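Asks: This is the structure I want to talk about, given as structure tokens.
The values are calculated or read from the model by the stated rules, or taken from the named source; none is laboratory data. These figures come from a predicted structure and were not determined experimentally. Cβ atoms come from the backbone with ideal geometry, glycine included; neighbour counts cover every protein chain shown. The protein model used for the area step is the full one, side chains on, heavy atoms only, and it has no ligands, DNA or RNA in it. Shrake-Rupley method; radii C 1.70, N 1.55, O 1.52, S 1.80 Å.
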Amino acid sequence: MAHPLTTQGGAATRVRRVSPAERVSTIVRLVTAVVVGLVMMFPLYWMITIAFSPSADVVSRELHIWPSEWTLENFRTIFGNFPTVTWFGNSVVVTAIITALTVSVNLLAGYAFAKLDFKGKGFVFLLVLSTMMVPVQVLMVAQFRLVTQLGIYGTFWAVIFPSAASAFGIFLARQFIIAIPDELLEAAKMDGAGTIRIFLQIILPLCKPLIAVLVLLTVMYQWNDFAWPLIALKDAELFTLPIGLLYLQGQYGADYGAIMALALLSITPIIIMFLAFQKYFVQGLARSGIR
């Protein structure tokens with residue numbers, strides 16, 4: 001129990017006593033956070049359980065909250081009967097290229113809207129934001145006609161080009177970069193730095209949290225994107241993992257163990273990436289003014 005007075009460095013420091021009401025409030029918040037966390041983690045736990053359970057447990061009428069026998073049968077199924085490695089590689093290639101393009105375009109556009117002066121900047125920015133109110137499904141017809149006329153339908157580029165920029169990413173980049181002091185840019189201009197040099201040497205080094213946020217959001221969206229790749233790709237060898245999940249559902253039934261195994265394989269890279277970048281992710285959202 002803390003004493004009301006403690007000595008630190010020869011000086012008396014008063015320590016505030018914690019009232020019983022504050023202790024109860026802290027315990028309630030902690031218990032609530034634990035319960036909410038367990039509820040949110042249960043789908044992941046159930047996915048892991050089914051992925052490593054034998055087929056008898058999956059189709060059994062009895063509820064098995066834990067595998068009766070840990071097995072890799074479902075993983076052997078998805079790797080032996082389906083081109084899972086190819087699908088995984090396709091997802092990596094498409095997501096990596098889209099992420100690189102999208103983050104680059106969003107950073108450049110955000111820098112232009114935040115720090116450069118040009119005629120009609122406000123109107124153009126509002127026009128970009130207005131595209132966020134248009135449902136994605138409405139744009140698919142125009143996107144399909146575009147990739148068909150360009151002659152890239154059925155290739156990876158049909159998936160990549162329409163996703164080369166993001167209105168929300170531009171907005172996020174603009175909100176982050178606008179908070180960078182103009183004095184830094186003015187000092188760089190006095191030293192003879194141009195617009196590109198200022199962006200590369202001043203803006204980018206200060207945008208590490210923003211880049212982490214943009215990378216994580218783009219990877220999460222593109223890795224799990226299903227509708228547009230299903231429309232834009234026609235060769236099974238070019239399919240990504242979300243489309244591959246569709247192939248595991250038969251006409252009269254579904255192998256839920258294999259589906260959960262492939263789903264677990266699909267979400268594992270996203271979980272690892274979020275755990276690695278969560279510090280920058282929180283910093284980037286906080287400094288961008290997003291609550």
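Asks: If a residue has to be open to solvent by less than 60 Å² (accessible area, probe 1.4 Å), assigned to a helix (DSSP H, G or I), over 26 Å from ILE98 (Cβ atoms) and in contact (Cβ under 8 Å) with a residue 12 or more places away in the chain to count, how many in the range 177-191 make the cut?
Replies: So the answer is 2.
Asks: Can you name the number of the only condition in (1) out of contact with any Lys or Arg (no Cβ under 8 Å at 6 or more places or on another chain); (2) farther than 18 Å from ALA109 by Cβ; (3) touching a residue at least 40 places away in the same chain (Cβ under 8 Å) that LEU217 fails?
Replies: Going through the list (1) out of contact with any Lys or Arg (no Cβ under 8 Å at 6 or more places or on another chain); (2) farther than 18 Å from ALA109 by Cβ; (3) touching a residue at least 40 places away in the same chain (Cβ under 8 Å), LEU217 breaks only (2).
Asks: Among the residues of the range 199-231, how many are open to solvent by 10 Å² or more (accessible area, probe 1.4 Å), of a type in the set (Val, Ile, Thr) and over 15 Å from the mean Cα position of the chain (by Cα)?
Replies: So the count comes out to 2.
Asks: Now, a different point. Among (1) assigned to a loop (DSSP other than H, G, I, E, B); (2) open to solvent by less than 60 Å² (accessible area, probe 1.4 Å); (3) of a type in the set (Val, Ile, Thr), which single condition is THR77 missing?
Replies: Condition not satisfied by THR77: (1).
Asks: If you don't mind, there's one more thing I want to ask. Which of the residues spanning the range 135-176 are part of a loop (DSSP other than H, G, I, E, B) and over 23 Å from VAL219 (Cβ atoms)? Before you say what the answer is, go through the steps one by one.
Replies: Residues of the range 135-176 that are part of a loop (DSSP other than H, G, I, E, B), as a first pass: 135, 151-155, 164-166.
Passing the criteria: GLY151, TYR153, GLY154.
Asks: Scanning for something in a helix (DSSP H, G or I), in contact with a Phe, Trp or Tyr (Cβ under 6 Å, 6 or more places away or on another chain) and aromatic (Phe, Trp, Tyr), does the range 112-125 turn up at least one residue?
Replies: yes
Asks: With respect to ILE160, determine if the residue is within 23 Å of GLY122 (Cβ to Cβ), under 28 Å from the mean Cα position of the chain (by Cα) and among the aliphatic types (A, V, I, L, M).
Replies: So ILE160 does not fit the description; no.
Asks: Which residue out of ALA21, ALA33 is outside any loop (DSSP other than H, G, I, E, B) and modelled with pLDDT under 85?
Replies: One residue alone meets the criteria, ALA21.
Asks: Return a yes/no flag: does the range 128-149 have any residue that is surrounded by 11 or more Cβ atoms within 10 Å (Cβ to Cβ), under 20 Å from VAL94 (Cβ atoms), assigned by TED's automatic domain parsing to the domain that holds ASN106 and among the aromatic types (Phe, Trp, Tyr).
Replies: yes
Asks: Given the residues GLU62, GLU69, which is the only one that is charged (D, E, K, R) and at pLDDT 80 or above?
Replies: GLU69
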